[in-house]
1. For each of B:CYS63, B:CYS38, count neighbouring Cβ atoms within 10 Å of the residue's Cβ, then give the residues from fewest to most.
2. Tell me the net charge near A:THR82. Cut-off is 11 Å between Cβ atoms, A:THR82 excluded, with +1 for each Lys or Arg and -1 for each Asp or Glu.
3. Let me check I've understood the local charge: for A:HIS378, count other residues with C-beta under 13 angstrom from its C-beta, Lys and Arg +1, Asp and Glu -1. What total comes out?
4. Figure the gain on full extension for A:ILE270 and A:HIS33 (residue separation times 0.36 nm, minus the Cα-Cα span) and round it to one decimal in nm.
5. Along the principal axes of its C-alpha atoms, what lengths does chain B span, in descending order and rounded to whole Å?
6. Which of the listed residues, B:VAL34, B:GLN97, B:TRP135, is farthest toward the dipole's positive end in the stretch B:3-147, when Lys, Arg count +1 and Asp, Glu count -1 at the beta-carbon?
7. Note the count of lysine pairs whose C-alpha atoms are less than 22 angstrom apart in chain A, limited to pairs 8 or more residues apart or on different chains.
8. Roughly how crowded by other chains is peptide A:358-364, in terms of the mean Cβ count from those chains within 10 Å of each of its Cβ atoms?
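The numbers here are math on the coordinates, done by the rules we state, and not lab data. Since this is a predicted model, take the numbers as computed values, not measurements. All Cβ positions, glycine included, derive from the backbone under ideal geometry; neighbour counts span all protein chains shown.
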Amino acid sequence: MAALESSLEGLLPELEVVRKDFPILERTLAGGHPLVYLDSANTSQKPQVVIDTMVDHLERHNANIARAMHQLGAESTEAFETARDRVAAFIHAPSRDEVVFTKNASEALNLAANTLAWPGPFQVGPGDEVVITEMEHHSNIVPWQLLTERTGATLRWFGITDDGHLDLSELDSLITERTKVVSLTWVSNMLGTVNPVARIAERAHQVGALVVVDASQAVPQLCVDVVASGADLLAFTGHKCVGPTGIGVLWGKAEVLDQLPPFLGGGEMIETVTMERSTYAPAPHKFEAGTPPIVEAVGLGAALDYLGHLGMDAVHTHEQAITGYALEALQTVPGLTVLGPLSAAERGGAISFELEGAHPHDVATVLDTRGIAVRAGHHCAKPAHARFGVQSSTRMSSYLYTTPEEIDALVEGLEYTRSYFKLG
Amino acid sequence: MDLDSLYQEIILDHYKNPHHKGLREPFEAEVHHVNPTCGDEVTLRVHVADGVVEDVSYDAVGCSISQAAASVMTDLVIGKPVGEAMGIHGEFLALMQGKGTVEPDEDVLEDGIAFAGVAKFPSRVKCALLSWMAWKDATTRSLEANHG
């Protein structure tokens, strides 16, 4: 194992220095075990610069934005709007006005699904079809179930092949002239699969459908260019890309956002209000009713800056190296089956697996007593689990701070789990 | 965190060889309970006659703790008057919610005392309670069905 480590190419340069940016990685847990954090697809850890930026904002610049006529108000507004610029630059959005702040990816996807129910050029109605996939996170399933149930439209979906890819043999029969919306995940949070979003978007656009992309697992790991992706609307969350919780993003093409009706009503989303009616601010403010999560947005800006300094190419290369190493190492454990593609090139950093004879909760508890944090359960992807005939799985997910030694610790922990439960 | 305090031999024995498992007739009520955070599921039937829990049968998927808890629960409540069974339920609930500070009474909880260690693992308490909650629900419905 040691020989393999030293020859492992693609790790972030100065990984030990990068790890020092994340104070939590210094922690020890019960029993004196050092933390081995392999739950980054659930939420990533935060570098000191994000923590410091948020503390500094609260200590020195705190005020409400866009409505406080004083110096602090101006500073806070500038910090918030600078964060929007940073998001726009990070995802290569043509315009900062295409970046809508939400509280998370779920709210961003619900914003899309909700506004599509109302009159307008994109309205979904009876006889229309919405196409999703079987590998979606619940947050990209339930909003579309709600939309189609409420509008009398029909929900359809791509199936998954045995090797964990979308079954694209159905591409032309699923996406037809009846299709109004195609919504899919870029990178699966359970199977790790990276989906050919641009190819599916091309077909969707042939029939005039709107393309919504859940990029929650993609933005942390890939170099994202929203225009090249083929998406019309794209959602992600801040806390999976070293930012804080409570802040998400919906990016949308200007012409799409302009033609969607408002989502939530309230302060900041209006142009003028009378007792009879209101007119609305242009995007993005049209979709940002009420005081937004200001310090969270500022923190997200710092997080994306941090990732930008590391370089997303380097982050992606690191992820691929660790994922390849983990796939190989996990398969040395007797009775372990990886769900999803077995080649690192086809997947992101989340690896779900089964260990024969041990339930995922029991696996996770044993690992936890050794300081190893993984996720066990259905990972908010029950249909994808059902597709593979399993109720739940154990998932390890790495990130830019993960070392090969942590993967070794996981494998040793799994060997220990097998001996603890006296498995063959 | 002491793994052996969680995974007592009694728990692992019940997990490997669960008692009273399978769905049986007769029954007055059948319920399906899930643990939405982890996906553990139990379908459970209760047969109550003359105020006594005559049978509890179940089909369940889940971790060792949830499976063993279902098995131990059936041992504890089958054959007991409903009132007494509900009392045992209350005792087990108090043990689970006690964060490890409650001393279990072996005369009441029998094999159920093995779950005392679970109370120190907050993320696993709901595993131990899933089938008990299902049983309480089904028993209440059985009583309503009997009186209806």
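1. So the ranking, lowest neighbour count to highest, is B:CYS38, B:CYS63.
2. Cβ neighbours under 11 Å give a net charge of -2.
3. Neighbourhood net charge equals 0.
4. That works out to 80.0 nm of additional length.
5. Principal-axis extents of the Cα atoms in chain B, largest first: 49, 30, 25 Å.
6. Highest projection toward the positive end goes to B:VAL34.
7. Count of close lysine pairs: 10.
8. Working: counts 2, 11, 4, 12, 10, 1, 4.
Going residue by residue through A:358-364 and averaging, the value is 6.
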